[in-house]
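Student: The following block contains the structure, expressed as structure tokens.
None of the figures in this text is laboratory data; all of them are computed from the coordinates on show. From a predicted model like this one, the values you see are computed outputs, not experimental measurements. So basically every Cβ, Gly included, is an ideal-geometry build from the backbone, and we count neighbours across all protein chains shown.
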Amino acid sequence: MATWKQIVLSLVILIAAAFGWVLFFPGAPQVLDRLGIEWAHASIPKPGSNTGSKAPGKAAEAGRAPTMVVAAAATTETINDRLQAIGTGRAKATVTVNPYSSGRMTELLVQSGAHVEAGQVIARLDSDVEQIALDKAVAARDDAKAKVDRMRALRASNAATQVQLTDAELELRNDELSVHDAQVSLDRRSVVSPIAGTVGILPIAAGNYVTSTSAIATVDDRSSILVDFWVPERFAAAVRIGAELTATSLASPKDVFKGTVSAIDNHIDEKSRTLWVQATIANPADSLRA
């Protein structure tokens, strides 16, 4: 093939490649604009444009659609990242009342569901032996007291020595301690509630023989309810003591109770990757149960 034919064929191929690039390459018109070459469709005047009064570089800018910008004032919003958890409620304090010693229970002075005060007697054991021991201690103390009075009178008249008076006073103090010991043993035959609260179902009746391990009653202080729940590890930094929360019970889902976070565990459980949190909910109407 002749040289001039090869040159013509090469030019045709280059022109076809350039034409295809212009047609199918997305950024070709912008490249041509930067090079100062106006493309056919770019040279057509667009509606509303005045090509006769504007420079060629500004004609392309006039043909572009305006960018819509909407301005709004900056505001503060709360991210809807609520923590929901299932918790277990328990009484503020729960005490299982046991007698100090063994014996026959002669009286049961409360009923199931009754409210008791701290120090109130709820049961009594047989106490005849303890009462006799107390009476003996009181008699010995009274005799020692009379002896001290005599020794002081004799000492005033130098009929008794200081050593005799000191021995009599020491005997009196020992007898007073014996009275106190006998009184404590007698008082412990009465079973008292250590806290104020509500008595649960009584597991035992009067007339039964009980020991120090026998449960006489269970007393719950439900003036407030402690709720234990576990939160995911990612909420560990967000939970704070004193933070407010709301709770609903399965028994009454329509009732909402308000409370606060009262305790946070000092470590995250490595197996469940959760943090133990405790909340306190006031229960003045006694509507919640442990």
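Student: What percent do you get for the relative contact order of segment 104-146 when only Cα pairs under 8 Å and 6+ apart count?
Tutor: 39
Student: Cross-link candidates for residue 271: which aspartates and glutamates have Cα within less than 15 Å, leaving aside residues fewer than 8 places away along the same chain?
Tutor: Result set, ordered by chain and number: 233.
Student: Rank by packing, highest mean first: peptides 151-160, 269-278, with packing defined as the count of other Cβ atoms within 10 Å averaged across residues.
Tutor: The most tightly packed comes first, giving 269-278, 151-160.
Student: If I stretch the segment between residue 153 and residue 9 completely, what's the gain in nm (0.36 nm per residue apart, minus their alpha carbon distance), one decimal?
Tutor: Extra length available between residue 153 and residue 9 comes to 36.7 nm.
Student: Moving on. Cβ neighbours within 10 Å, averaged per peptide: list 111-119, 6-14, 229-237 in order, most packed at the top.
Tutor: The most tightly packed comes first, giving 229-237, 111-119, 6-14.
Student: Something else about it: Separation between the residue 260 and residue 246 pseudo-spin-labels, each 7 Å from Cα along Cα→Cβ, expressed in nm?
Tutor: Taking the simple label geometry, residue 260 and residue 246 are separated by 1.9 nm.
Student: Whole-Hz ³J(HN,Hα) for each residue in segment 198-215, computed from phi via Karplus 6.51 cos²θ - 1.76 cosθ + 1.60 with θ = phi - 60°, x for glycine and proline: what do you get?
Tutor: Going residue by residue, I get 10, 7, x, 5, 7, x, 9, 10, 4, x, 7, 8, 10, 10, 5, 9, 7, 7 Hz, with x marking Gly and Pro.
Student: Distances longer than 19 Å among the Cα atoms of segment 59-199: what percent of all pairs is that?
Tutor: Counting every Cα pair in segment 59-199, those more than 19 Å apart make up 74 percent.
Student: Tell me, what is the percent relative contact order of segment 142-211, built from C-alpha pairs under 8 Å that lie six or more residues apart?
Tutor: 26
Student: I've got another one for you. Given 0.36 nm per residue, what is the gain on full extension from residue 74 to residue 196 after removing their alpha carbon distance, in nm?
Tutor: 38.4 nm
Student: Quick check: pseudo-label points 7 Å beyond the Cα along Cα→Cβ at residue 18 and residue 269, how many nm apart are they?
Tutor: 7.6
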